[in-house]
Amino acid sequence: MMGGRLQRLRRWWGDAPHADPRVDLTLARAYILDTRDTPFVAAATAAAFWISFAVLTRQVGVFVWAAMVHGMQWHMYHHLHGVDPATFRTADAARWRRRLEWHMLLPGLVWAAAPWLFFPRGDLALILLQYFFISGVASVSIAALAQWWLATLCFGVPLYLSIAVRLMTAGEGGPAMLMGVLALSQLLATLHYARKQNLLIVGAIESGLENARLAEALQTELDRVAQLAAQRARIFAAANHDLRQPMHALAVFIDALEAGRPATAASVRHMQGSIEALRGSVDALLDIAQLDRGAVAVQRAPVDLGELFDALHGRFATAAAAKGLRLRARPTAARVDADAQMLSRLLANLVDNALKYTAQGSVMMAARACVLQGVAGWRIEVRDSGFGIAPEHREQVFEEFFQVDNPGRDRSRGLGLGLALVASMARTLGSRIELRSAPGQGSTFSLWLAAAASQPMALPVEALPPCAPARILVLDDEAPVREGMRALLEGWGHEVAVVASPGEALALPGRFDLLLSDLRLGEGLSGLAAARTLHGLGKVREVAVVTGETAQADRAQVEAAGFQLLYKPVPSAALRAAIVRAVGPCLEAGGAAAAPVYS
């Protein structure tokens, strides 16, 4: 109980560094700026005081005190003008504030000496005048110094105590004794209200600093929103061009066919190229959205970087040779903890990007040991001798549809989505892409991954081709989609049935190996509900739900049902993998799966 009271008294009357050093910094700087010129006013007040008593009492002590007070004021003037508040730093703000406030003890002691150097004995009127003069100076000064609590105590306490003790010990009778008691009560009352004022002022400073922080945070957010809006406008403009171009090409070819012009191998090839361009743009945007939303599951395993470099070298060596470039992979025994497929795709994008923007020289893949925050790992690098990237573009190159020096949106130089996808995949792997580059000096893209000790894992057997034809049921309310899927799957050698509704599916005889169902069917029907029903009745063994939507809720519902989820437009590789999961991979004559393929 007593300890709690003492603690409350200490908080009320004590002076300690503020929890926010910026408050101490504000008070220290304000002390210099606000009190720098007060010695002039104080000198005038002191002069009026001692001159009055010099005339009225003719005591020698008056002149002694006059020398003391004006010498003190001269010292205070030079002291306050000798300190530059701009040099104060947050780290030592509390020390500076306390040091400055302790200096008010000198004026307090000088003024406290006045009633002891010239006390008007035997003249109650002059005693009363001295009391009111000193208490008035003390009250006004305490009010002015309230925001600096230690300065208030250093000046006010000696002054009030001095006049109170002098009055009570002067032997001037009851009236003087009463004035001494009043001085003590006035001291307590003045300090009480000064402390309240001090807390209010400090609270106002705290609020001001918090408001400034909030205003700065708001401005930062507004700037970010404006930047995102400008970026979105640029992305939409670029995406509009890149998506419309292949659509325009397809429309031209279709118009030519409708006009009776026969289809040629070249025209079919161009149409296929336009379709692949559309699919590439949509797939890349979808991948970026899923990665940034955390909707892609990371399957971590030890990955052999040497084997991965060799695979990428084999994949891109021909393209490099066609441009007269050397593609090199520095031999390494490094193994990292990562998703093998995601890391392979990430590095493939970096190599492809390096080849696009390198006119002569070489592109190299390398890995070097690197300890980051006490964790052993490898920094994987893709270096090129290409054009290089100016400092002002180093952040923008990771934005969607941004390309340095490609204002005409030449599709042969890519879509401007590769590095955005790379950055998203790196974040998903728990890393980040770092870029070192200079115009004309090439670029180095790198990321750090933790080292792995165990052997790399083989690719799943679903990556192997199916041997047996599958019996596949396609459920979609769009007739062009049904017929297109029938033509594609039958061309692969599978038996295919297509239906527009769950009722038609139930009417078909037999059991199917795989159901390919659209997530949204006509008339508000749910493809997922239909798939659950058909699967529950044993009509289908495996289910793959196809959708063009990317909502996390849809993904969660499909995964909770235990079904595969394929995003439109569905790549052939993904469709083949779904069939493999339904009927199993191709097995060798001995009955074992084909030899594992390492990533």
Worksheet entry | Extension gain (nm, one decimal) between residue 123 and residue 58, 0.36 nm per residue minus Cα-Cα | 22.1 nm
Discussion item. At 1.4 Å probe radius, can you tell me the per residue accessible area of the stretch 471-583 in Å²?
Written reply: 45
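Taking the Cβ-Cβ separation of residue 177 and residue 81 as r and a Förster radius of 56 Å, what is the calculated FRET efficiency to the nearest 0.05?
Details: r = 43 Å, r/R0 = 0.78.
After rounding, the FRET efficiency stands at 0.80.
Round to a whole number: what % of the accessible area of the stretch 10-218 belongs to carbon and sulfur, probe 1.4 Å?
Summing carbon and sulfur atoms, their accessible area is 69 percent of the total for the stretch 10-218.
Classify the stretch 336-376: rounded, prolate or oblate, from the alpha-carbon gyration tensor (a ≥ b ≥ c, eigenvalue square roots; a/c under 1.5 rounded; otherwise prolate if a/b is larger than b/c)? If you can, show how the numbers build up before the last one.
Details: a/c = 3.62, a/b = 1.69, b/c = 2.15.
Judged from the Cα gyration tensor, the stretch 336-376 comes out oblate (a/c at least 1.5, b/c at or above a/b).
Which shape class applies to the stretch 471-583: rounded if a/c is under 1.5, otherwise prolate when a/b exceeds b/c and oblate if not, where a ≥ b ≥ c are the square roots of the Cα gyration tensor eigenvalues?
Details: a/c = 1.26, a/b = 1.12, b/c = 1.13.
Rounded is the answer for the stretch 471-583, as its axis ratio a/c remains below 1.5.
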Worksheet item: How high is the relative contact order of the stretch 471-583, given as a whole-number percent (alpha carbon pairs under 8 Å, six or more residues apart)?
Response: 22
Worksheet item: Over the stretch 10-218, what is the mean sequence separation of C-alpha contacts under 8 Å (at least six apart), divided by residue count, expressed as relative contact order in percent?
Response: 22
Worksheet item: How are the C-alpha pair distances of the stretch 10-218 spread across 5 Å bins, as whole percents from the shortest bin up?
Response: 1, 7, 14, 17, 17, 14, 11, 7, 5, 3, 2, 1, 0, 0
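Suppose R0 equals 22 Å; then what is the FRET efficiency for residue 219 and residue 371 from their Cβ-Cβ distance, rounded to the nearest 0.05? Kindly include the intermediate steps, with their values, before the conclusion.
Values: r = 39 Å, r/R0 = 1.77.
So the FRET efficiency works out to roughly 0.05.
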Discussion item. For a protection proxy built on the mean count of beta-carbon atoms within 10 angstrom, sort 443-451, 495-503, 258-266 highest first, please.
Written reply: 443-451, 495-503, 258-266
Worksheet, complete the sentence: Protection proxy (average C-beta count within 10 Å per residue), highest first, orders 30-37, 208-215 as 30-37, 208-215
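I need the shape label for the stretch 111-195. Rule: rounded when a/c is under 1.5, else prolate if a/b > b/c, else oblate, with a, b, c from the alpha carbon gyration tensor. Could the numbers behind the result be given before it?
Numbers: a/c = 2.41, a/b = 1.99, b/c = 1.22.
Prolate is the answer for the stretch 111-195, as a/c is 1.5 or above and a/b outweighs b/c.
The values are calculated or read from the model by the stated rules, or taken from the named source; none is laboratory data. This one's a predicted model, so the numbers in the text were calculated from it and none came from an experiment. We place every Cβ from the backbone using ideal geometry, glycine too, and count neighbours over all the protein chains shown. The area values use the complete protein model at the heavy-atom level, side chains included, leaving out ligands, DNA and RNA. Shrake-Rupley method; radii C 1.70, N 1.55, O 1.52, S 1.80 Å.
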